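Asker: Provided herewith is a single structure, encoded as structure tokens, for subsequent inquiry.
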Number of protein chains: 2
Amino acid sequence: MTRSAGGADVAVVGGGPIGMSIAWRCSQRGLRTVLYDPAPGSGASSVAAGMLAPVAESNFGETTLTRLLVDSAARWPGFAAELTAVTGHDIGYRTEGTLVVTLTADDRREAERLWAYQQSLDLPITLLRATALRDREPALSPRARGGALMPDDHQVDPRRLVAALDTALDRAGVTVVPQPVTDLSTLDARVVVVAAGCGSAALTGLPVRPVKGQILRLRAPGGAVGFQHVIRGYADGRHVYLVPRADGEVVVGATVEERGDATVTAGAVLELLRAAADLLPEIAEYELAQAQAAARPGTPDNAPLLGWHRIAADDPADDPTGGRQVLVATGHHRHGIVLTPSTAELIADLAGGAEPDSGLAGFRPDRFTAPTAPTTGEGKPWN
Amino acid sequence: MTRSAGGADVAVVGGGPIGMSIAWRCSQRGLRTVLYDPAPGSGASSVAAGMLAPVAESNFGETTLTRLLVDSAARWPGFAAELTAVTGHDIGYRTEGTLVVTLTADDRREAERLWAYQQSLDLPITLLRATALRDREPALSPRARGGALMPDDHQVDPRRLVAALDTALDRAGVTVVPQPVTDLSTLDARVVVVAAGCGSAALTGLPVRPVKGQILRLRAPGGAVGFQHVIRGYADGRHVYLVPRADGEVVVGATVEERGDATVTAGAVLELLRAAADLLPEIAEYELAQAQAAARPGTPDNAPLLGWHRIAADDPADDPTGGRQVLVATGHHRHGIVLTPSTAELIADLAGGAEPDSGLAGFRPDRFTAPTAPTTGEGKPWN
């Protein structure tokens, strides 16, 4: 492969877990890698709960995405072990699994439809009666009507993940440039990777929109959280999750709002606390330590954009990349943390010159604009 | 009167609105005054809503306290005008009045009992049907069943009040010593005034206990609060108030908890937001800007301690004041802001040598320990 004179092999734009992991993997493959972000880890990941939930997040009509979620979740144990071994960081990877809990008859019927679908895909899921639920988590409300255990739906602490990746990049010799990038044509690198979350839209013209999420951070008295599983609840028609950390923190989330501001609203906090306290009454005694809002990067089908960016501009002057070879890794919506290992491997493979993996076919960045049978005659690689 | 050599006439311990106002009034009477507080305005007042509510806060069996509340509220217009004239500060004094609102039939019955009592005292109160309530405040929930207008129950912004008092003290030549006081016998002053809130217990031995309150600060979108009155609600058995400020802030409060910590809890935030949104649904769209907790100084009968402190110690060595002449102005519980003008006048009068006002008889600091017919033969003045 050729390098631009004085430049890097790969310039990664965006220092969330996705961009950092791509940079790490690229560097491990021998590619000279630079990462640009004025504040790594300050975007959507700073508000992510870190659920690794391929099963609980498998929804009707999203089988392609589900395959990617399952694939990436399966890579998580190895990814976590490697990252911890390299950096010495504890990233809060926990494998107690996820309990889905319903409160009302309507909640149960809604959940049962999805469980049947998830079972039809042979995903690991065990239905539990109310008594079995409470045997596993005695702190659950007496109103719990039934639920399901998803033993392979784990969790990690995204802020610890970012700290570990920061150390890993340093050890791997990746240069982190604390500057924003507003124009890809200014970057001196053979391949540019856009992993800039919601900022990817302005850099590429791709349809990435902000999807606001609000979360709460609670702290258990004495640091002792009264439950071990990730709890995902259907509570009187409201959906909520509670993610217990070993250090006494519980993350409660999350709203899904079609707007991009970062304002914490009274209504969102009310709905999250109401649903959470309906599921686990003891959290009323917990400290409300923080409430946060941030924007996830969403796409028209809410699946990520992964692969080579085919420039749609007829006139090269309209090409925002200035003729760069551009890889895109964004639009992960609610799935950025779970999809981090797979995204990093697949994008680093492409940056290193590999042919696109067949699993990427459904996530092509141009899928909303390209002709049904894309050609490859434009001098740029395709996936 | 005599001054101790090199000392002040009056040393005020505690720089909340009470202590600051006492110091201001003492200085205006020609008394050389020093105020001690490491962080003026950082105690209970920093979390106070600033309701001046002699009527709404008039409860069964508290007629003596009600008289003091009514007297002090009547002094507020003059106090506010004087403070603003002297300092140029806008202290957020607003006179739109208070609307009490009930949601359920039970709420209304509970409120009606209290309204009947308040009417029996000839307090200014006008009962309103639901339609009249909503004519005054169209943002009220359609569930509002009826309520009452208390036109003389006003509001002030306690943080602005503290800032204005700080300027007033500076202009009046009061020395503010930014140090904590832990031993009254170290103070070189003819009269010591203890206005130290919850800290007064350790300084005097008097029965002052912390009563925790939690409040929320919301911000209206665009700074435009959709209601003008202070709203006090009975919402499905929960009591809540919402205090609208001209700058777009709304204070929602408050819990009353028999504990002294400053932890904001999930349960308190949930209950405050639920009740507030039940009364005024639009607040769901407001920003939740801050949640705070602090301790109010409570007494066994929840009325303040105002007057000369009679030392109960048989052995002078056990006297925590070291033989100082000590005035007490603490234990204001939920009423510190409304009682500020009267407290300042009455205590400054005593510090200046006046005989105790008859209105102080019910608030003597020793009322929980003194014999029924106190003597005055102990070398200390009495109220």
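Asker: Given a 1.4 angstrom probe, I'd like the percentage of the accessible area of the range B:7-99 that is carbon and sulfur, rounded to a whole number.
Answerer: After summing per-atom areas, the C and S share lands at 54 percent.
Asker: Kindly give the distances from B:A202 to its copy-mates, label point to label point, with each label point 7 Å from Cα along Cα→Cβ, as nm values to one decimal ordered shortest first.
Answerer: Spelled out, the distances from B:A202's label point are 5.2 nm.
Asker: Within chain A, which is the longest segment that contains none of the chymotrypsin sites (Phe, Trp or Tyr not before Pro) sitting in a DSSP loop with at most 12 other Cβ atoms within 10 Å?
Answerer: A:61-367
Asker: So if I place +1 on the C-beta of Lys and Arg and -1 on the C-beta of Asp and Glu, and nothing else carries charge, what would the dipole magnitude of chain A be about its Cα centre? I want it in debye, nearest 20. Spell out each step's value before the answer.
Answerer: On the way: 35 positive and 44 negative charges, 62 e Å.
Once rounded to the nearest 20, the dipole reads 300 debye.
Asker: Roughly how far apart, in whole Å, are the Cα centres of the range B:207-285 and the range B:297-364?
Answerer: Result: 31 Å between the Cα centres.
Asker: Let me ask you something else. Counting DSSP beta bridges with both partners in the protein assembly as shown, what percentage is antiparallel, nearest 5?
Answerer: The antiparallel proportion sits near 65 percent.
Asker: Further question on the same structure: Helix-only mean residue ellipticity at 222 nm, chain B, DSSP H runs n ≥ 4 weighted -39,500 (n - 2.57), per residue, nearest 500. What is it?
Answerer: -9000 deg cm²/dmol
Asker: Let a ≥ b ≥ c be the square roots of the eigenvalues of the Cα gyration tensor of the range B:57-145; is it rounded (a/c under 1.5), or, if not, prolate (a/b larger than b/c) or oblate? List each step's numbers first, then the result.
Answerer: On the way: a/c = 3.24, a/b = 1.44, b/c = 2.26.
Oblate, because a/c is 1.5 or more while a/b does not exceed b/c.
Asker: May I pose another question? Along the charge dipole of the protein assembly as shown, which of B:T330, A:A329, A:S58 sits closest to the positive end, that is, farthest toward it, with unit charges on the beta carbon of Lys, Arg, Asp and Glu (+1, +1, -1, -1)?
Answerer: So the residue furthest toward the plus end is A:S58.
Asker: Given chain A, what percent of its DSSP beta bridges are antiparallel, to the nearest 5?
Answerer: 65
Asker: In addition: What are the nm distances, shortest first, from B:A172 to its equivalents in the other copies, labels at 7 Å along Cα→Cβ?
Answerer: Distances to the matching label points in the other copies: 6.6 nm.
Asker: Label-to-label distances across copies for A:Y117, with labels 7 Å out along Cα→Cβ, in nm, shortest first?
Answerer: For A:Y117, the other copies' label points sit at 5.6 nm, shortest first.
Asker: Given +1 on the Cβ of Lys and Arg, -1 on the Cβ of Asp and Glu, and no further charges, what dipole in debye does the range B:66-157 carry about its Cα centre, rounded to the nearest 20?
Answerer: Roughly 400 debye, rounded to the nearest 20.
Asker: Give me the accessible area per residue for the protein assembly as shown, probe 1.4 Å, as a whole number in Å².
Answerer: Per residue, the protein assembly as shown has an accessible area of 38 Å².
Asker: So what's the net charge close to B:R219: Lys and Arg +1, Asp and Glu -1, counting the other residues with Cβ under 11 Å from its Cβ? Numbers along the way, then the final one.
Answerer: Details: positive: B:R217, B:R245; negative: B:D247, B:E249, B:E285, B:E287.
After counting each charged neighbour, the total is -2.
Asker: Under the rule that an exposed site lies in a DSSP loop and has at most 10 other Cβ atoms within 10 Å, name the longest stretch of chain B with no GluC sites (Glu not before Pro) of that kind, not counting the sites themselves.
Answerer: With GluC sites (Glu not before Pro) excluded where exposed in loops, chain B gives B:1-257 as its longest stretch.
Asker: May I pose another question? Which whole number gives the average count of other chain Cβ atoms within 10 Å of the Cβ atoms across peptide A:285-296?
Answerer: Working: counts 5, 4, 6, 11, 4, 0, 4, 0, 1, 0, 0, 0.
The per-residue average across the peptide is 3.
Asker: Just to confirm my numbers, what's the Cα centroid distance between the range B:72-89 and the range A:49-80 in Å?
Answerer: 64
Asker: Relative to the Cα centre, what is the charge dipole magnitude of the protein assembly as shown, using +1 at the beta carbon of each Lys and Arg, -1 at the beta carbon of each Asp and Glu, and rounding to the nearest 20 debye?
Answerer: 180
Asker: Taking K and R as +1 and D and E as -1, what net charge do the other residues with C-beta under 9 Å from the C-beta of A:R296 add up to? Please list the in-between numbers first.
Answerer: Details: positive: A:K212, A:R334; negative: none.
Value of the local net charge: +2.
The values are calculated or read from the model by the stated rules, or taken from the named source; none is laboratory data. Please read all numbers here as calculations on a predicted model, not as lab measurements. So basically every Cβ, Gly included, is an ideal-geometry build from the backbone, and we count neighbours across all protein chains shown. To get the accessible areas, we keep the full protein, side chains included, count just its heavy atoms, and leave off ligands, DNA and RNA. Shrake-Rupley method; radii C 1.70, N 1.55, O 1.52, S 1.80 Å.
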